[in-house]
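Here the structure comes first, spelled out in structure tokens, and everything after it is commentary.
Quick note: the coordinates plus some simple rules give every number you see, no bench work behind them. The model shown is predicted, which means the values in this text are computed figures rather than measured ones. Because the Cβ atoms are built from the backbone with ideal geometry, glycine has one as well, and the counts that use them run over all protein chains shown.
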Amino acid sequence: MSSRIVVTPPGPKARAILERDARVLSPSYARDYGFVMERGQGAEVWDVDGNRYIDFVAGIAVNATGHCHPEIVRVIQEQAAKFIHISSDYYHELMVRIAERINEIAPMQEDVTVFLANSGTESVEAAIKLARYATGRRQFIGFLGAFHGRSMGSLSFTASKARQQERFFPTMPGVWHVPFPDPYHPVFPTPLNGDEGDAVVNYIEQELFAEALPPDEVAAILVEPIQGEGGYIVPPPNFFPRLRELCTRHGILLIVDEVQAGMGRTGKWWAIQHWNVEPDIVCIAKGIASGVPMGAMAARKSIGAQWKPGAHGNTYGGNPIAAAAALKTIELIENGMMQNAAEMGVWILDALAEMQARHPSIGHVRGKGLMIGVEFVKNRATKEPAKEMRDWIVHRCFERGLLTLGCGRSVIRFMPPLMIPRDLVEEGLSIFESAVSDAEKQFL
Ligand SMILES: *Cc1c(COP(=O)(O)O)cnc(C)c1O
């Protein structure tokens with residue numbers, strides 16, 4: 001199948017917009033390449049110069065149902081003609097309905113209370129505040145490589161790039177970072193009869209708690225079930241069961257940030273469900289409303305119901321357009337797209353395993369459902385990250401008609417819309433492999 005690049009991107013129309021953008025937009029936005037969007041349909045997007053691309057990014061795991069799914073477009077249009085906003089000082093049924101649906105699918109047996117927000121950061125911020133409020137404790141544990149947002153509270157946990165912290169300290173005090181268990185790059189020696197997950201939990205208990213941090217001062221542990229920005233790292237089997245047990249034993253809340261991994265992306269509603277572990281609080285955003293800004297923080301009712309009126313709030317929470325889009329998104333994910341994510345995920349992992357045999361620069365392939373990372377190395381024995389080569393491949397894919405993004409030190413992540421059909425997966429992977437071949441000629 002032919003890729004449909006008609007003019008090497010960024011083409012003339014795109015370049016004109018890039019120039020205007022550079023004059024007025026904050027330079028803090030980190031862009032890897034100059035894709036200027038014109039429109040999208042399903043898992044395909046077009047730029048302003050008429051180039052067509054396969055979308056393995058989905059607006060960073062946001063366009064779960066694909067671009068402009070006709071049902072999503074319809075419910076947004078219908079709601080826009082009724083009312084666009086009323087504020088959380090008042091009531092409306094869509095706000096109740098979306099909270100009811102989140103309660104139905106939340107990864108806890110106990111009922112939850114739902115706080116609706118407008119982004120992932122705000123859902124994390126709400127969780128941090130609730131954890132302090134409900135426990136009366138002040139300290140927290142987070143993980144190196146984590147990404148939880150950029151506000152002063154959530155930023156105190158974010159640790160995926162030093163640039164995100166540079167010149168912003170002090171952020172919220174009381175956050176302790178420990179290594180995230182990465183099976184490909186273990187920090188600790190593997191314990192007998194255990195895995196790197198055991199090693200990390202042992203470290204928290206035997207080093208951190210014994211030497212520096214009294215466990216009964218810890219309000220919560222905040223963790224991504226699969227690290228996103230940090231490199232699409234899938235923790236080993238023992239990690240979450242051991243972490244849950246540790247939290248329960250010390251009265252520490254377990255907050256799971258499902259902002260990137262949740263909403264069916266990994267083939268289950270929530271990535272934490274791959275380990276049969278129940279969190280106390282779950283943070284949701286990205287995929288929830290197919291691109292309309294929305295976030296949610298769902299807490300076990302015994303915790304969430306402790307807040308008094310006015311303890312936390314916002315203006316836009318439960319926005320009716322976002323709620324309408326989210327309800328339809330949940331319906332579409334439930335009726336086939338989550339299943340497709342699981343099936344395509346297995347298929348892509350198999351294809352990448354074959355590709356790894358042909359390409360020495362591919363050090364490691366991992367993921368669940370449509371949250372897949374490919375790690376590039378200079379040398380398989382040393383596992384030295386091939387960052388420049390990774391950046392080059394991302395760029396080459398763009399020039400050939402495939403949108404991808406990096407994460408971690410030298411990883412390319414695949415996070416396409418959950419509905420992506422097999423033929424587009426195949427076409428995308430063949431562009432990806434030819435970019436890897438070209439890169440190996442240049443870098444190895
Ligand atoms: C993107 C992300 C956030 C922040 O979400 P925003 O909507 O950008 O505020 C928080 N946590 C994780 C795991 C994320 O991937």
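Counting DSSP beta bridges with both partners in the chain, what percentage is antiparallel, nearest 5?
65
Taking the stretch 72-332, how many lysine pairs are there with alpha carbons less than 28 Å apart, if each pair must be eight or more places apart or span two chains?
Step by step, the pairs that qualify in the stretch 72-332 add up to 15.
Charges only on Cβ, +1 for Lys and Arg, -1 for Asp and Glu: so what's the dipole of the chain about the Cα centre, in debye to the nearest 20?
So the dipole magnitude of the chain works out to roughly 820 debye.
Would you be so kind as to identify all helices of the chain, as entire DSSP H runs, whose Cα atoms reach 15 Å or more along the helix's own axis and whose mean Kyte-Doolittle hydropathy is at least -1.0?
Counting only whole DSSP H runs, the qualifying helices are 12-24, 70-82, 93-105, 120-135, 239-250, 320-332, 338-358, 422-443.
Just from its helices, what would the mean residue ellipticity at 222 nm be for the chain, if runs of 4 or more DSSP H residues each count -39500 (n - 2.57) and the sum is divided by every residue, rounded to the nearest 500 deg cm²/dmol?
Value at 222 nm, helices only: -11000 deg cm²/dmol.
Of the DSSP beta bridges with both residues in the stretch 72-332, give the percent that are antiparallel, rounding to the nearest 5.
Restricted to the stretch 72-332, the bridges split so that about 45 percent are antiparallel.
Write down Rg/Rh for the chain, rounded to two decimals, with Rg from the C-alpha atoms and Rh from the Kirkwood relation over Cα pairs. Display every interim value, and only then the final one.
Values: Rg = 21.7 Å, Rh = 22.6 Å.
Result for the chain is an Rg/Rh of 0.96.
Based only on the alpha carbon positions, what is the Kirkwood hydrodynamic radius of the stretch 94-151, in angstrom? Walk me through the numbers before you get to the answer.
Working: mean 1/r = 0.0751 Å⁻¹.
For the stretch 94-151, inverting the mean 1/r across all distinct Cα pairs yields 13.3 Å.
Place +1 on the Cβ of every Lys and Arg and -1 on the Cβ of every Asp and Glu in the chain, take the dipole about the Cα centre, and give the residue among H274, M337, P170 whose Cα lies farthest towards its positive end.
P170
Work out, in µm²/s and without decimals, the Stokes-Einstein translational diffusion coefficient of the stretch 72-332 at 4 °C, 1.567 mPa s, Rh from Kirkwood over C-alpha pairs.
Estimated diffusion coefficient is 69 µm²/s.
How many angstrom separate the Cα center of the stretch 293-322 from the Cα center of the stretch 43-116?
Between the Cα centres of the stretch 293-322 and the stretch 43-116 lies a distance of 17 Å.
State the three equivalent ellipsoid semi-axes of the stretch 242-320, derived from the C-alpha gyration tensor as the square roots of 5 times its eigenvalues, in descending order and whole Å. It would help to have the intermediate numbers written out before the result.
Numbers: eigenvalues 108, 82, 11 Å².
That gives 23, 20, 7 Å for the three semi-axes.
Going by Cα centres, the stretch 350-419 and the stretch 132-159 are how many Å apart?
29
Connecting C-alpha atoms closer than 10 Å in a GNM of the chain, tell me which of G262, G174, G228 has the biggest fluctuation.
G174
Output the peptides 368-376, 158-166, 40-48, 139-147 sorted from most to least packed, where packing is the average of other Cβ atoms within 10 Å over each peptide's residues.
Details: 368-376: 25.8, 158-166: 15.0, 40-48: 19.9, 139-147: 22.6.
Ranking, from highest mean packing down: 368-376, 139-147, 40-48, 158-166.
Within 10 Å, count the other beta carbons around each residue, average over each peptide in 408-420, 232-244, and list them highest first. Intermediate values should be presented prior to the final figure.
On the way: 408-420: 26.0, 232-244: 21.8.
Highest-to-lowest ranking by the protection proxy: 408-420, 232-244.
Roughly how many nanometres apart are two label points built 7 Å out from the Cα toward the Cβ at M152 and H312?
In this crude spin-label approximation the distance works out to 1.8 nm.
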